[in-house]
Each structure stands twice: as C-alpha cells, then as structure tokens.
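K.L.:
Sharing a structure here in structure tokens format.
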Amino acid sequence: MSDHESSPVIPPAVRELFPFTSRFFSVGKHRLHYVDEGQGPVLLLMHACPLWAFSFREVIRTFSSAYRVIALDQMGFGLSDKPADFDYRLEMHADLLEMFVHSLGLTDITLIMHGRGSTIGMAYAVRNPDNIRAFVTLNAMGFTGFFLPWRLQVCRIPWLGAKIVLGLDLLTREFRRYPEAVRAAYSLPFPDRESKISLVRFIEDIPCVPEDDSAQSMLEVETSLWMLREKPASIIWAEKDWLYTKRSFRAWTKYFPEAEVHMVENAGRYIQEDAPDELISLLRDFLEKTRC
C-alpha cells in the first residue's frame, strides 16, 4: 500500500450502526474507502455532501441479502483520504468513479445516488450508458443553472467563504438533531479544520454560471442525458430540503419524464435519517420491478 493518510477510527457506538467491512481502493498515494456487501446484481451507492457511506447503512443492511451493495466514499469524505492539494472538481470525481468501477469489474449497475453523488454518478453514466441498468436519484442538483441558496452564496466569497465553512460548521450543524451515535458518525470524518477542505471545495465547485470551473463538465453531462432516457428511473424527493429544492426536482422530471416520482413530505436535507422506512419501501418496490 502506498503512503496515505490515516483513516478515522470508528468508535464502538458508530460501528454498531455501521457493522460493515471497510475496504480501500488506491488512487496514487491516496485511498478511497468503500463497503462491498452481498452478492447478486450490483447496487452502487453514491452519497451527498457532507455525508458518507454511513448514510446508506439501512440500504446496505436491507438489500445485501439479495444484491451486491457497494457504497463508495468520495475523495475528501467519510473514511477516504482528504488531501489538501487534490483536484476536487466534478470531472476528477467522475474520473475516480470510472476507475473504481473498472477496477472492480462492475457491470449492469443500478445507481442509487444522493446530492453531489447524483451529479458524479450521472457523469459516469453518460460516459458508460451501456453499463447502467437503472438509477435512483434522491434530492440532487438539476444540472446547469443551479440556484445557490443565500447561505452558500456567502461561502463563495474568496476571502470569507473558507472561514465560514470551516469555522461555523455550516454544512454539518444539522446533524445536531439526530441521536448521539448518528451525530458521532457524521462528525467522524471531520475532526479538525484541515479535514474539511472537501466541504470548501464542494461549495466552490457548484456550477451556477458559465464561468464556474465545472460548468463545462456539467453542460457535457446535461447534453448527454438523452442516452439514459430509456433506463428505468426513480426520483425520490425530500420536500423540505433547503439545498435541492423543487426547482431542481422539476429539472429532473423534465430530463426523465418517464421516471417514477415520489415526494416524501416529512423529510429534509438528509432523507435517509428523516424517512428511512419510506425510503427503503420505495427502493424495494423499484428494485423488484427492475430486477431480472
């Protein structure tokens, strides 16, 4: 194994909720963390920012008896390394996902994606449409022309943004309303300011106007979505999400008019925590219909 950063140690209370074997995929001197549970058709889970594979623990637990369930931590998140000098733009995340899928020899994939994970997952999917069986997106960006909420707009001010994100825990403060072990799990990857660099880069990289760094990459994804129109698709949307609002929801339904659509009324930014039973039920119904 090449030199790499030490992964956070999972405390017993978190391990009880997330009892899966940690695996690592090398990217030069860095590592990506993932879990790989069960056998059968492949479910590839892509988390939102600032979450990690832990957010999909009930999906892994429920479906690994009949599927091969793989949950990847994006670079800078979860138990993956968090290099300060890494290129955290969308294109690089998509490149890493493509390398990961190829290395594991994954085929006929059903993508289950959330937030930034949906953007990265769709970037992979339009490059490799023949390798996608179906996909599910939870709340996520509606591609180009994304409207950034005011609380994140100030985080893009060059001299101020990083201080706000690092100092005020802007993206992680909502975890406070969850049980102690869940809060501990979501705080685990970010023990200090240096470990939060990916949160800063995530906000900086959201393509809102044509001049943004990843705007061209996002446009390339958007203009290629027609290749996925015939794939079985499900859109599961938390109605109270402040970041990915109904404006983004309408964009997804425009791109995929034949998709199943489900609005989850009492869920917010983190649908896996707010409505886990409803999410599992919707996923089970969809997977039963799309399985060979």
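Taken together, the values in this text are just the output of simple stated rules run on the coordinates, not laboratory data. Computed from a prediction, not measured in an experiment: that's the story for all the values here. No Cβ is skipped: glycine too gets one built from the backbone with ideal geometry, and neighbour counts run over all protein chains shown.
K.L.:
Would you kindly derive the ³J(HN,Hα) couplings of segment 285-291 from the backbone phi angles with the Karplus curve 6.51 cos²θ - 1.76 cosθ + 1.60 (θ = phi - 60°), listing them in order in whole Hz, with x for Gly and Pro?
P.N.:
Each residue's phi maps through the Karplus curve to give 4, 5, 5, 5, 6, 9, 6 Hz.
K.L.:
Quick one: which residues, 5 or more positions from Met46 or on another chain, have an amide H under 5 Å from its amide H? H modelled 1.01 Å from N in the peptide plane, none for Pro or chain starts.
P.N.:
Ile112, Met113, His114
K.L.:
Treating the beta-carbon of each Lys and Arg as +1 and of each Asp and Glu as -1, no other charges, what is the dipole magnitude of segment 12-290 about its Cα centre, to the nearest 20 debye?
P.N.:
It comes to approximately 460 debye.
K.L.:
Sticking with this structure for a sec: Which whole-angstrom value gives the distance between the alpha carbon centres of segment 173-194 and segment 26-89?
P.N.:
The two parts, judged by their Cα centres, are 18 Å apart.
K.L.:
Who wins for biggest fluctuation among Lys246, Lys82, Lys254 in a Gaussian network model of the chain, springs between alpha carbons below 10 Å?
P.N.:
Its mean-square fluctuation being the largest, the pick is Lys254.
K.L.:
Something else now. When the Karplus curve 6.51 cos²θ - 1.76 cosθ + 1.60 is applied with θ = phi - 60°, which whole-Hz ³J(HN,Hα) does each residue of segment 216-221 get, with x for Gly and Pro?
P.N.:
So the J values, rounded to whole Hz, are 5, 4, 5, 5, 5, 5.
K.L.:
Show me the ranking of peptides 212-218, 17-23, 135-141 by mean Cβ neighbours inside 10 Å, starting with the highest. Please list the in-between numbers first.
P.N.:
On the way: 212-218: 19.1, 17-23: 15.4, 135-141: 27.1.
With the highest mean Cβ count within 10 Å placed first, the list reads 135-141, 212-218, 17-23.
K.L.:
Only Cα pairs under 8 Å and at least 6 apart count here; give the relative contact order of the chain as a rounded whole percent.
P.N.:
Details: 509 pairs, mean separation 51.8, N = 292.
Value for the chain: 18 percent.
K.L.:
Mind checking which lysines have their C-alpha under 23 Å from Lys82, skipping anything on the same chain fewer than 8 residues away?
P.N.:
Within reach: Lys29, Lys163, Lys196.
K.L.:
Roughly how many nanometres apart are two label points built 7 Å out from the Cα toward the Cβ at Arg177 and Ser281?
P.N.:
2.1 nm
K.L.:
Can you list the lysines whose alpha carbon sits under 16 Å from that of Lys289, skipping same-chain ones fewer than 8 residues off?
P.N.:
Cα-Cα hits under 16 Å: Lys231.
K.L.:
First check a/c for segment 189-292, with a ≥ b ≥ c the square roots of the eigenvalues of its C-alpha gyration tensor; if it is under 1.5, answer rounded, and if not, answer prolate when a/b is larger than b/c or oblate otherwise. Walk me through the numbers before you get to the answer.
P.N.:
Values: a/c = 1.98, a/b = 1.22, b/c = 1.62.
Oblate, because a/c is 1.5 or more while a/b does not exceed b/c.
K.L.:
Decide, for segment 45-133, between rounded, prolate and oblate: order the square roots of the alpha carbon gyration tensor eigenvalues as a ≥ b ≥ c, take rounded if a/c falls under 1.5, and otherwise choose prolate if a/b is larger than b/c, else oblate.
P.N.:
Taking the square roots of the gyration eigenvalues as a ≥ b ≥ c, segment 45-133 is oblate.
K.L.:
Run the dipole for segment 48-96 about the Cα centre, Lys and Arg Cβ at +1, Asp and Glu Cβ at -1, nothing else charged, and hand back the magnitude in debye, nearest 20.
P.N.:
So the magnitude is around 340 debye.
K.L.:
Per-residue HN-Hα couplings for segment 178-191, Karplus 6.51 cos²θ - 1.76 cosθ + 1.60 at θ = phi - 60°, whole Hz, x for Gly and Pro?
P.N.:
9, x, 4, 5, 5, 4, 4, 5, 6, 7, 3, x, 10, x
K.L.:
Using modelled backbone amide H atoms (1.01 Å from N, in-plane), which distant-in-sequence or interchain residues come within less than 5 Å of Arg193's amide H?
P.N.:
Close amide H contacts, sequence-distant or interchain: none at all.
K.L.:
Now for a different question. Determine the shape class of the chain: with a ≥ b ≥ c the square roots of the Cα gyration tensor eigenvalues, call it rounded for a/c under 1.5, and otherwise prolate if a/b is greater than b/c, oblate otherwise.
P.N.:
The shape class here is rounded.
K.L.:
What does the helix-only formula give at 222 nm for the chain: each DSSP H stretch with n ≥ 4 adding -39500 (n - 2.57), the total divided by the residues, and the result rounded to the nearest 500 deg cm²/dmol?
P.N.:
The helix-only estimate for the chain comes to -10000 deg cm²/dmol at 222 nm.
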